1. So which cysteines of the chain have no other cysteine's Cβ under 4.7 Å from theirs?
2. Output ³J(HN,Hα) for the range 43-59: one whole-Hz value per residue in order, computed from phi by the Karplus curve 6.51 cos²θ - 1.76 cosθ + 1.60 with θ = phi - 60°, and x for Gly and Pro.
3. Roughly how big is the chain's charge dipole about its Cα centre, with Cβ charges of +1 (Lys, Arg) and -1 (Asp, Glu), in debye to the nearest 20?
4. For the range 367-372, what does the Karplus curve 6.51 cos²θ - 1.76 cosθ + 1.60, with θ = phi - 60°, yield as ³J(HN,Hα) per residue in whole Hz, taken in order and with x for Gly and Pro?
5. Rg and Dmax of the chain, using alpha carbons, in Å: what are they?
6. Mind giving me the FRET efficiency for H15 and L301? R0 is 60 Å, r the Cβ-Cβ distance, nearest 0.05 is fine.
7. Can you compute the modelled spin-label distance between I133 and I332, with each label point 7 Å from Cα toward Cβ, in nm?
8. Using helices alone, what [θ] at 222 nm do you get for the chain, with -39,500 (n - 2.57) per DSSP H run of 4 or more residues, divided over all residues and rounded to the nearest 500?
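Derivation of every value follows stated rules applied to the coordinates shown; laboratory data play no part. Not measured: the values here are computed from a predicted model. Reconstructed Cβ throughout: ideal geometry from the backbone, glycine too, with neighbour counts over all protein chains shown.
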Amino acid sequence: MFWGEPSPGRSDPVHLISDPPVDVLLTGRVLADARPWDESCSALLAVSRINGRRHEGRTELILRPCPKPPLQGWRLQVEGALRRPSSGPHPLLNGAAERLSARSCWSRLTATHFELLGRRWTPIADLRRRIAIRFQQLAGRERGGLLAALVLGSAQVQLPAELRQIFRVAGLSHALAASGFHLSVLMGAALVVSRRWTAPSRLGLAFLAMLLFLLLAGSQPSVVRAVLMVSMALLIRETGHRPRGFRVLLVAISLMLLFNPAWARSIGFQLSAAATAGLIVTSPDLEQWLAFRLPGRWHGLAQAFSVPLAAIAWTLPLQLLHFGSTPLYALIANLLAAPLLAPLTLSALGLALLTLFLPSGVLLVLSWPVSQLAGLLIALVQWISHWPAARLLTGYPQPWVVALLALGLIPWLVPQLVHWRRMALLPLFASVVLQGLMQCRDELVRVQRFQDHWLLARHRGRGALISTASDAHACRTARRLSEAHGHARLDWVMVLDSVALEDQSCWRSLARWVQSPQLGQQPLALGQRLFSEGLELELLADRGQPMLLRVGDQRWRLFPRPQSLWALQHAGGSPRDLSNKNIWLGFEPSAAQRRWLKRSHSRVGH
């Protein structure tokens with residue numbers, strides 16, 4: 001158990017989960033507005049009673065169907081069976097269990113309806129909801145969602161998945177997440193307005209602006225860190241002393257972790273703290289170094305380059321550790337987007353306040369230029385996200401490899417350690433070489449989720465995939481699996497499901513060649529094979545379609561269906577026919593088949 005890692009209490013609903021599941025009557029309060037998913041929705045509940053007895057904890061409510069999503073503050077009574085959320089199908093692919101455990105939730109309850117017992121007064125949640133809805137009414141789903149995220153943060157706004165993706169690929173995710181950047185824009189405007197005021201008036205306006213930001217964005221770790229640091233810096237400055245940024249950062253982080261140790265596990269908190277450290281420690285010296293080397297007329301670009309470059313360098317190890325990738329054009333994207341982000345953020349904040357007082361007709365006129373500016377930013381981000389190799393997929397490195405990388409970077413980022421830079425080249429070079437060797441090794445990654453199976457064959461940095469399912473979820477899982485191992489595009493994909501492909505564009509974008517009868521190709525026949533250098537798939541027989549997969553020097557016998565193994569047994573096959581061979585089964589074998597396979601002394605995978 002790690003420090004700060006949440007764990008269920010004695011009265012948590014997870015302790016009532018039984019096998020087989022039994023329906024319970026649960027009463028709880030909705031902690032945040034339900035999120036719709038296709039024909040269903042989900043909401044996190046703070047549980048108060050189960051079957052009439054008091055309980056404390058959280059559970060995720062799944063409503064199918066969901067004609068009216070529950071809102072924050074509603075007190076509900078629902079009936080259904082408690083179950084454990086499913087884990088990810090692979091250690092690199094998080095599932096519902098991993099997502100919910102980070103929110104101190106270890107159970108799920110699926111219901112078809114709910115009974116509303118009461119509605120708690122939630123003025124802040126109502127205000128956020130009203131701002132988000134008005135923005136989307138005025139500027140549309142994408143532009144309005146962007147404007148709402150600039151005010152409230154993406155954690156409070158349901159943004160289109162495509163919009164999140166292009167900002168992530170371009171290296172501008174921080175623009176959507178409430179952070180120190182948004183607070184700095186707000187504080188800059190407040191200080192300009194109050195520059196001729198008395199000191200108490202300036203402090204009063206500054207703290208009012210911070211309180212407004214905290215109320216709108218919520219108590220997210222990055223928001224709390226920014227508010228704490230700015231508050232301490234303002235108080236120190238007003239006493240006539242010069243605030244030392246790194247000390248202020250350490251004090252803010254320490255106070256936050258003493259109050260809530262679980263924040264240490266928050267990716268947003270880690271990225272925010274690392275980026276801020278970069279701005280404090282590295283950016284000033286980097287700016288001076290650039291200004292000294294740039295021509296006189298270009299000195300103004302030194303700060304524009306140094307700020308994003310320092311933040312990118314400090315967050316690089318965390319990017320690789322948590323996402324297995326890094327945006328390749330993040331520096332260029334930040335430079336190009338900076339002239340749009342600051343005025344757009346300030347305009348969105350002002351427009352958010354006006355939505356509370358002005359009629360729709362006036363707001364429509366005032367929001368038009370802001371909407372056009374938001375559209376320009378989205379077009380810019382979308383353009384950058386489609387540049388060649390916009391996202392560098394490295395695969396998920398081992399934590400010790402990331403530690404080596406950080407050890408090699410620190411002397412180059414901290415000016416006081418300049419004498420250690422030559423020695424730091426060794427761990428820096430070692431981390432790159434070791435990760436490259438891991439990415440170029442031969443292996444077969446086997447993933448199973450219920451009745452669906454995926455095989456990812458990897459050889460010298462390239463990959464190929466076999467999937468027993470063809471639905472949209474199977475394609476998304478295949479994409480996540482390939483990207484988690486550092487493959488932006490596979491050599492080929494074999495889809496074994498006979499059901500028509502739900503999302504052909506998804507499968508086509510996954511590989512250079514997709515072998516599936518639903519895409520117009522004939523099924524793989526005897527004598528045919530799928531081939532790329534070091535990755536080869538060959539059909540061994542028509543009945544049951546057993547196959548041979550070659551991954552470099554490895555040989556795997558694939559039995560995707562029970563009929564393929566039955567055919568071998570009924571043909572008089574002996575376990576010795578499979579002796580000392582690698583075998584993969586795309587189904588759950590019977591007890592008799594297990595015993596038969598055990599006698600072959602083969603390596604069997606599922």
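1. Taking the Cβ cut-off of 4.7 Å, the unpaired cysteines of the chain are C105, C440.
2. For the range 43-59, the Karplus curve yields 8, 8, 10, 8, 6, 10, 9, 9, 6, x, 9, 5, 9, 10, x, 10, 8 Hz.
3. Here the chain has a charge dipole of around 840 debye.
4. So the Karplus estimates, Gly and Pro as x, are 7, 4, x, 5, 5, 5 Hz.
5. 27.8, 96
6. 0.50
7. 4.2
8. -15500 deg cm²/dmol
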